[in-house]
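Before any comments, here is the structure.
The values are calculated or read from the model by the stated rules, or taken from the named source; none is laboratory data. What you see is a predicted model; the values in this text were computed from it and never measured. Please note: Cβ atoms are built from the backbone with ideal geometry, for glycine as well, and neighbour counts cover all protein chains shown.
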Amino acid sequence: MGLFDTVKAETKRNFIARADEAKNDIIYKYPENNIRMMTQLTVDSDEVALFVKDGKIEGQLGPGRHNLDTNNVPFISRLLEKLTGGNLFLAEVFFISTREFAGIKFGGPIGDVRDPETGLGIGTMVYGDFSIRVTDPAKLVLGLVGMRQAKNEEFLGWFKNQVLKVTRDRIAELVVKKRWALLDVTSGAYTEEIEQEVISGTKTHVDGYGMTVVRLGNFTVSIKEEDEATLKKLSKDVAYSRLAGGFQNYAQGQAMLGAAEGMAKGGEGGGAALQGMGLGVGFGMANMFANQGQQRPQGPAAGATCPACGTPGSGRFCANCGQAMAPQAKKCGKCQADLAAGAKFCAACGTPSAA
C-alpha cells in the first residue's frame, strides 16, 4: 500500500457512515469494530445507528452528525478500552433503515380449495408483492440478524415464507367460512378483505423481530385456465337450473334445445328459423317442467252426448255434425241422480259426491 492509500485509509477511519453501495439494504454493518474517539458518525434521515458490544445493545443514535466522545455521547464510556488509554472503543455498529421497503416479491401454491358454489376442489395459486418496515431495530439485530453482515436477500426469504403461509391460510378460511365463490376471489372482488386479513395475520409472526408488513401490492389469486372454464360452465348450469326450478328441469330443457339445434344444422335453408324455433321450444319445455304438477284442462268424459244431434262420443267435437260436445253429468253413487258441476253433495239424497 502506498503512502497515499495509507493516508486515505486513516482519514476514512475518522468518518463512519453507511457505504453508498448499501443504501438500499435494510441492515448495514460497519466493517470496523475498533473505533477512535472523536470519530464523526453520520446517520441518514431514514435510519438509526446501533452500538452493540458483547451481544448487548449499548446505545442508539438517530439521524444527524455525531462526534463520538464521552461528552457528546455518554454511553461511549461503557465501550472504552482501558488498554488504549481511552483513545479507542470497541463496538459493532449497525445502520438500520426505518423507511418502508416495497416491491418484495412472493408467491406459491395455496393448495386445493373447495369452491362453495360447485363443490369442486380447485388448485389455487397466489402471487404478488408486499412491503415491510422496521419498527424495533434492536429486536431485528439481536433476534434475527445477529453479529454479522446481512444483505436483504439473506433474511427476506423468511418473511416471504411467513406472508405466503398466512395468505394461504386466510384465503382458504375465508372461502369456507364466508362461502366466497372462487371465481369471485380470482376476479379480485375480495382483494381488500384478503389484504387486511393477511396483514393482521402476519403480526404475530414478525412483530417479535421488530418488523411489520405494511401492505400487499399487485397481489393476485389465480387458478388454471381449464379449471376456470370448468367453474364458469358449472356456475352457469347452477344458475340456469335455479331459474328452471331444478337441475332435472334444466337438463330436459337443454336436451330439447340440443335436438332443435341438430335439426337446424341438418336442414336446407330456413336454418335460422329452425334455430329460433328450437330456442322457443327449449324455453317452453323448461317452463313446462318448472310448472309440473299443475292440472291440465280435461276434455269431455267418455259417454258425452252432442247437444245438437244427440250423437254419443268421447271427443271435444261431434263426429257427426261438428258441434262442441257437452260433457255428460256425473251420477250420484247412491241414487244415480245427475250431479251439478262442482257439487260436493247429491241434491236428491244428500250423499257426498266422489272427488
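Quick rundown of the values:
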{"read-out": "Near pairs, Cβ below 6 angstrom, 6+ apart or cross-chain, from the range 325-352 (more than 30 Å from Ala308 (Cβ to Cβ)) to any residue that is modelled with pLDDT of 75 or more and among the hydrophobic types (A, V, I, L, M, F, W, C)", "value": "Lys334/Cys349; Cys349/Cys335; Thr351/Cys332; Pro352/Phe345"}
{"read-out": "Residue selected from the range 14-45 under the condition over 20 Å from Ala102 (Cα atoms) and of a type in the set (Gly, Ala, Ser), by the criterion surrounded by the most Cβ atoms within 10 Å (Cβ to Cβ)", "value": "Ala17"}
{"read-out": "Residues satisfying the stated conditions in the range 211-225, i.e. more than 17 Å from the chain's Cα centre (by Cα) and either buried (at least 19 other Cβ atoms within 10 Å of the Cβ) or not assigned by TED's automatic domain parsing to the domain that holds Gly119 (or both)", "value": "Met211, Val213"}
{"read-out": "Positions within the range 175-194 being surrounded by fewer than 17 Cβ atoms within 10 Å (Cβ to Cβ) and free of Cβ contacts under 8 Å to residues at least 40 places away in the same chain, in sequence order", "value": "Lys177, Lys178, Asp184, Ser187, Gly188, Ala189, Thr191, Glu192, Glu193"}
{"read-out": "The range 35-64 - residue that is hydrophobic (A, V, I, L, M, F, W, C), modelled with pLDDT of 95 or more and over 44 Å from the mean Cα position of the chain (by Cα) and, of those, nearest to Val134 (Cα to Cα)", "value": "Phe51"}
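Here's the yes/no breakdown for (1) among the charged types (D, E, K, R); (2) surrounded by 17 or more Cβ atoms within 10 Å (Cβ to Cβ); (3) on the phi < 0 side of the Ramachandran plot:
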| site | (1), (2), (3) |
| --- | --- |
| Glu47 | yes, yes, yes |
| Phe51 | no, yes, yes |
| Lys56 | yes, no, yes |
| Phe95 | no, yes, yes |
| Glu100 | yes, no, yes |
| Lys105 | yes, no, yes |
| Arg114 | yes, no, yes |
| Leu120 | no, no, yes |
| Met125 | no, no, yes |
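Conditions tested, residue by residue: (1) at pLDDT 90 or above; (2) under 30 Å from Ala181 (Cα atoms); (3) part of a helix (DSSP H, G or I).
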| position | (1), (2), (3) |
| --- | --- |
| Val93 | yes, no, no |
| Lys105 | yes, yes, no |
| Gly108 | yes, yes, no |
| Thr118 | no, yes, no |
| Thr124 | yes, yes, no |
| Ile132 | yes, no, no |
| Val141 | no, no, yes |
